[in-house]
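Structure record follows, encoded as structure tokens.
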Amino acid sequence: MTTPAQSTPNSPTIRSMRWWDIDDVHRIETECFPNDCWSIDQFWRELAGETRDYLVAVADAPIGYVGISTLAPDSDLQTLATDPGCRGTGIGRALLNQAIDRAVERGATSMILEVRADNHSATGLYESCGFEPIAKRSRYYPDGGDAVIMRKRPLKAGVV
């Protein structure tokens, strides 16, 4: 298993998400995804999942999180979000890198994700990390928004 990322004076620590992080993570979730946010119960179920790995970036409190599901050789990026006040600081990229490392440790050779088609900052991040669009899902989100399906293959640890 990946060891926690080293923290520098100006960077958060990335560690495994624990039950006591759920309230802070849910706050970020509702700020980032107000129309289709996960419930607190969904986060509890995800944390309990045997094939799941959830990580948080923590300064004084969680400021970002990422979750994956892995059934080797495939992995699925379930969610990724950073506190709106912390965007553009590299936290999302660091969380994505750690998530990829975890997936590789579990034997994954590819990762897939769905992202809102109109979320250009997220699609830009994923593309800059080697994800490629492979399909579109029309009206995927509850509000009727479209999703772009993206995939990274081959998946390699430490490479974002």
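Derivation of every value follows stated rules applied to the coordinates shown; laboratory data play no part. Here the structure is a predicted model, which is why all the values come from computation and not from measurement. Here Cβ is always computed from backbone atoms with ideal geometry, including for glycine, and neighbour counts include all displayed protein chains.
Of note:
- Viscosity 1.567 mPa s, 4 °C: Kirkwood-radius Stokes-Einstein D of the range 13-112 over Cα pairs, µm²/s: 96
- Cα→Cβ-extended label distance, 7 Å offset, between ALA61 and ARG153, nm: 4.1
- Look at where the Cα atoms of the range 47-123 and of the range 134-160 average out, and the two centres are 12 Å apart.
- Taking only the C-alpha atoms of the range 116-160, Rg followed by Dmax gives 11.8, 36 Å.
- Under a model in which nothing but the beta-carbon of Lys, Arg (+1) and Asp, Glu (-1) is charged, the chain shows a dipole of about 520 debye around its Cα centre.
- Note on GLU31 and ASP146: the model spin-label points, each 7 Å out from Cα along the C-beta direction, lie 3.0 nm apart.
- Point-to-point label distance, ALA48-CYS86, nm (Cα→Cβ direction, 7 Å offset): 2.7
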